[in-house]
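For reference, the structure is listed below as structure tokens.
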Amino acid sequence: SSFEEAMTDPEWQEAVKKELTSHEQMNTWSPASLPNGSKAIDTKWVFRLKQDGTKKARLVAKGFQSPKVEFDFLYSPVCRISTVRVALSHAVINGWIVKHIDVPTAFLNGILEKDIFIKTPKGLDHDGKILKLNRALYGLSEAPKCWNARINEVLVTLGFERSKHDVCLYYSQDVIFVLFVDDGLVIGEERGVSKLLERLESEFKVRVMEISVFLGMNIRRNGDKIHIDQRNMIEKLLETFNMSESRPVSTPMDV
């Protein structure tokens, strides 16, 4: 829906207010004059109804309006599925605990390496003024890489080593950390895990959860075993292709 339509609903109004408050607290932008030769890009509101029925509003930059840059400047790594499995196997072997973390405003923690200007977003009082971004707003091509650089800096400062085999795997003597954009697994001895979570929470807004779903995988712990399946993803795929009621067969064709 459009911004104007959404603003007729008190719940969407509250969602927009919450998003703008987050940007104010993060000091995402500052009023500025547009330098000669620079271009201010537009923003837009994205409205989404979450699975629990709550309404989420997110302000994003129209990053496609930014000048083109080299792919290497934009690249941000993600962990391999095999890395997740190996990390979980260490949890089983060593009897370690597993925590799932989510950083809701992850990209806003990224520091931009160049000046980027935006036009005043709808709903903000600085109408008609130009704003200079202090943080990597969602929608910017650079945002994922800026966030990755920031969390890497924090983890290395805390004494973690970055794996040469998968740069989204970090480890210390008693803790393993696996990163996938703004989701992560923290695996290790309880004391070490608690210490890392405490430090991360001092740097970022972090939600800490018991592990249940990660990267589309259902993960269940049962004593000294961890079970992984993708039942939810398979059922969703069947629904997409209207095959939920299809009769199962053991082979794809007659042999």
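Couple of notes before you dig in:
- Where a residue in the range 10-38 is touching a residue at least 60 places away in the same chain (Cβ under 8 Å) and in a strand (DSSP E or B) and its partner, wherever it lies, is basic (Lys, Arg) and surrounded by 10 or more Cβ atoms within 10 Å (Cβ to Cβ), with Cβ under 7 Å and at least six apart: Trp29/Lys132; Ser30/Lys132; Pro31/Lys129; Ala32/Lys132
- Residues of the range 204-217 satisfying the condition of being surrounded by fewer than 16 Cβ atoms within 10 Å (Cβ to Cβ), within 12 Å of Val103 (Cα to Cα) and not hydrophobic (A, V, I, L, M, F, W, C): Arg207
- The range 66-90 residues that are closer than 28 Å to Lys132 by Cβ and surrounded by 11 or more Cβ atoms within 10 Å (Cβ to Cβ), paired with ones that are modelled with pLDDT of 75 or more and of a type in the set (D, E, K, R) (beta carbon under 6 Å, 6 or more apart): Leu74/Lys145; Ser76/Lys145
- The range 42-52, residues that are at pLDDT below 90 and surrounded by 10 or more Cβ atoms within 10 Å (Cβ to Cβ): Arg48, Leu49
- Answer from Ala6, Ala32, Ala57 - the residue that is modelled with pLDDT under 90, more than 30 Å from Arg221 (Cα to Cα), among the hydrophobic types (A, V, I, L, M, F, W, C) and surrounded by 15 or more Cβ atoms within 10 Å (Cβ to Cβ): Ala6
- Residue that is more than 23 Å from Pro77 (Cβ to Cβ) and in contact with a His (Cβ under 8 Å, 6 or more places away or on another chain), where the choices are Arg231, Arg220: Arg220
- Residue satisfying condition, being modelled with pLDDT of 90 or more, surrounded by fewer than 16 Cβ atoms within 10 Å (Cβ to Cβ) and either assigned to a helix (DSSP H, G or I) or touching a helix residue (DSSP H, G or I) at 6+ places or on another chain (Cβ under 6 Å) (or both), within set Arg220, Arg135, Arg199, Arg150: Arg199
Condition check ((1) in contact (Cβ under 8 Å) with a residue 24 or more places away in the chain; (2) among the polar types (S, T, N, Q); (3) closer than 15 Å to Ile41 by Cα) across all residues:
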residue: Glu113; (1), (2), (3): yes, no, no
residue: Gly139; (1), (2), (3): yes, no, yes
residue: Pro144; (1), (2), (3): yes, no, no
residue: Asn152; (1), (2), (3): no, yes, no
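- Residues located in the range 153-167, provided they are assigned to a loop (DSSP other than H, G, I, E, B) and either surrounded by 17 or more Cβ atoms within 10 Å (Cβ to Cβ) or in contact with a strand residue (DSSP E or B) (Cβ under 8 Å, 6 or more places away or on another chain) (or both): Phe160, Ser163, Asp166
- Filter result (part of a loop (DSSP other than H, G, I, E, B), more than 17 Å from the chain's Cα centre (by Cα) and crowded, with 16+ Cβ neighbours inside 10 Å) within the range 168-185: Ser172, Asp174
- The C-beta contact set for the range 187-211 (first residue on the phi < 0 side of the Ramachandran plot, second residue surrounded by 16 or more Cβ atoms within 10 Å (Cβ to Cβ) and of a type in the set (Gly, Ala, Ser), distance under 6 angstrom, 6+ apart or interchain) comprises Ile187/Ala87; Ile187/Ala91.
- Within the range 188-195, the presence of at least one residue that is surrounded by 14 or more Cβ atoms within 10 Å (Cβ to Cβ), touching a strand residue (DSSP E or B) at 6+ places or on another chain (Cβ under 8 Å) and in a strand (DSSP E or B) is confirmed.
- Test result for Gly159, among the small types (Gly, Ala, Ser) and closer than 25 Å to Arg80 by Cα: yes
The values are calculated or read from the model by the stated rules, or taken from the named source; none is laboratory data. For clarity, every value in this text was computed on a predicted model and none was experimentally measured. Note that we place each Cβ from the backbone using ideal geometry, even for glycine, and neighbour counts take in every protein chain shown.
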